[in-house]
1. Quick check: from the Cα gyration tensor, does the range 89-148 come out rounded (a/c under 1.5), prolate or oblate?
2. Amide H to amide H, which residues 5 or more places from Thr87 or on other chains are under 5 Å from it, using H placed in the peptide plane?
3. Run the simple label-point estimate for Arg55 and Ala24 please: 7 Å along Cα→C-beta, distance reported in nm.
4. So what's the gap between the Cα centers of the range 52-79 and the range 103-132, to the nearest angstrom?
5. How would Tyr121, Tyr64 line up by accessible area, probe 1.4 Å, largest first?
6. With θ taken as phi - 60° and the coefficients 6.51, -1.76 and 1.60, list the Karplus ³J(HN,Hα) couplings across the range 74-83 in order, rounded to whole Hz; mark glycine and proline as x.
7. Please compute one quarter of the surface area of the Cα convex hull for the chain and express it in square nanometres.
8. Could you work out [θ]222 nm for the chain from helices alone, using -39500 (n - 2.57) per DSSP H run of at least four and dividing by all its residues? Round to the nearest 500 deg cm²/dmol.
Amino acid sequence: MDSGWMMDLATELAVVKSRQDVPAALRLMHAGMVLEAPAFGTVARGLEANEFALRAFFASFPDYGVELSGHAAEGETLVCWGTARMTLTGNRFGVEPNGRRAELPVFLRFAFADGLIAGEYFHFDLSELCARSGVSTDAVRQKLFGGR
């Protein structure tokens, strides 16, 4: 099966997210879209929850950009990897960041349904983000996960 259409959708999503264009991102998503971000311990289900998650993410990382550099596909699953660049701002995580832009390797797994993106698993190393942002990983994890 040709996986080109899946890569086209994932690339377009990367472009619009790098512009923080939430409406354009939502147009690429299936109504049952599930966005998982294990570094933050979050799962957003459905378009409304995804809109909220994206807006919160871009409020904390207003210069977010991602560049996909490779991919592999099997069936209707696509795995991509690349680099995210973002500056942690504000105090959403209970810390005061240093204002430096972090450059991090990322791994993304996409699922598709009805010609749209139905799932995204967005993984990066939270400890690396914290180190580059000059904040305590322990403090951020405490804010995100509490006693879990």
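The values are calculated or read from the model by the stated rules, or taken from the named source; none is laboratory data. Source: prediction; values computed, not measured. Methodologically, a virtual Cβ is constructed for each residue, glycine included, from the backbone with ideal geometry; neighbour enumeration extends over all protein chains shown. Quick note on the areas: whole protein, heavy atoms, side chains included, nothing else; ligands and nucleic acids left out. Shrake-Rupley method; radii C 1.70, N 1.55, O 1.52, S 1.80 Å.
1. It is prolate, given that a/c is not under 1.5 and a/b is the larger ratio.
2. Asp63, Tyr64, Ala102
3. Computed distance between label sites Arg55 and Ala24 equals 1.9 nm.
4. 5 Å
5. On the way: Tyr121 55, Tyr64 10 Å².
Reading off the accessible areas and sorting them downward yields Tyr121, Tyr64.
6. Running phi through 6.51 cos²θ - 1.76 cosθ + 1.60 with θ = phi - 60° gives 8, x, 9, 10, 10, 10, 10, 9, x, 10 Hz.
7. 8.3 nm²
8. Working: 5 runs with 52 residues, N = 148.
Rounded to the nearest 500, the figure is -10500 deg cm²/dmol.
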